[in-house]
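Every number here is computed from the coordinates shown, using simple stated rules; none is lab data. Please read these numbers as outputs of a predicted model, since none were measured by experiment. So basically every Cβ, Gly included, is an ideal-geometry build from the backbone, and we count neighbours across all protein chains shown.
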Amino acid sequence: MAALTASSGAASSGAAATAVMCRGVTKSFASAAGPVWALRGVDLEIPAGRVAMLVGPSGCGKTTLISVVAGILKRDAGTCHVFEADIEALPRRQQLDFRASTIGFIFQQFHLLPTLTVAHNVAVPLLINAVSRRHAIDRAHAMLEKVGLGGRGDDPPAQLSGGEQQRVAIARALVHAPKLIVCDEPTSALDHDTGMRIMALMRDVVVDEGATLLIVTHDNRIFPFADMMAHMDDGRIVDVRLNGGAAGAREALSGQ
Ligand SMILES: Nc1ncnc2c1ncn2[C@@H]1O[C@H](COP(=O)(O)OP(=O)(O)OP(=O)(O)O)[C@@H](O)[C@H]1O
Ligand SMILES: [Mg+2]
């Protein structure tokens, strides 16, 4: 594995705030053959203001875990806090407000709304947060510029390539400056240079806004951007290591 510089069992640091804290999280799904245990007791702590990557074999529970963290899926047992809030325990309305204001989520399958223009898709988190329509669309266009899609805002998503649609999903997750950005394979459809540019953009968000990134990835090209790597296997976190972070990102970008 690239650029590992230190190792720590719990990956806790001196950072004041904790972005994500999971303890003993379990989650099962019903299937024809009986319950499938996707999470078998996950312990994970991510300090605020870091880039954390979650890696592991297909089917080990990565998407399930980040969905539980973001409050999209309910856990069966255990505790999970995002900036000290237990999303599941909040009343429904506050749950929605907390998720809308605090979390940006990039889905593995993008989930763009086909009947909206690209710019309207990106503007959705702002509109949910009661930003005026005109201001939201202006900010959406500005964010589209940053992901290299200036000029495509008025197109429907179906007219964009897979990699372009992925960048729209990334722009939508970043546009409202959330404190926690959760991404499922954000560079899977991107070529090397575009993937590096998008990771540099996401890393800038961490540095400039003090956001926290939780990224599921198989893409070893982006591993150097991580401050910490959490390895998952069969529904558990089996290893957490501190990584090169900012220095690694500089090296990765200079090597392009
Ligand atoms: N809605 C569901 N119903 C039944 N089983 C599910 C459901 N969602 C996930 N699973 C099962 O839970 C396990 C973990 O799935 P998950 O999608 O979290 O894996 P993953 O690590 O994200 O895999 P990949 O790298 O292929 O995306 C798998 O065995 C999967 O089949
Ligand atoms: Mg997955």
Self-check item: P(r) of region 162-201 over all Cα-Cα pairs, binned every 10 Å from zero, in whole percent
Solution: 30, 59, 11
Practice problem: Against the globular-protein guess of 2.2 N^0.38 Å, express the Cα radius of gyration of region 89-228 as a ratio, rounded to two decimals. | Solution: 1.00
Quiz item: Convex hull over the alpha-carbon atoms of the chain: what's its volume per residue in Å³?
Solution: 134 Å³
Quiz item: Residue-wise, which Karplus ³J(HN,Hα) couplings in Hz belong to region 135-151, taking 6.51 cos²θ - 1.76 cosθ + 1.60, θ = phi - 60°, and x for glycine or proline?
Solution: 5, 4, 5, 4, 5, 4, 4, 5, 5, 5, 4, 5, 8, x, 10, x, x
Quiz item: What order do you get for S132, S28 when you list them from fewest to most C-beta neighbours inside 10 Å?
Solution: S132, S28
Self-check item: Value of relative contact order over the chain, rounded to a whole percent, pairs C-alpha under 8 Å and six or more apart
Solution: 28 percent
Practice problem: For C183, enumerate residues with amide H under 5 Å from its amide H, sequence gap 5+ or separate chain, H modeled in the peptide plane. | Solution: I106, L214, I215, V216
Exercise. Let me have the relative contact order for region 79-156, percent, based on Cα pairs under 8 Å that are six or more residues apart.
Key: 27 percent
Quiz item: Which value in Å is the Kirkwood Rh of region 70-120 over different Cα pairs?
Solution: 12.9 Å
Quiz item: Ranked by Cβ crowding within 10 angstrom, fewest neighbours first, how are K74, K62, K179 ordered?
Solution: K74, K179, K62
Quiz item: Per the Kirkwood definition applied to all pairs of different Cα atoms, how many angstroms is the hydrodynamic radius of region 26-72?
Solution: 12.1 Å
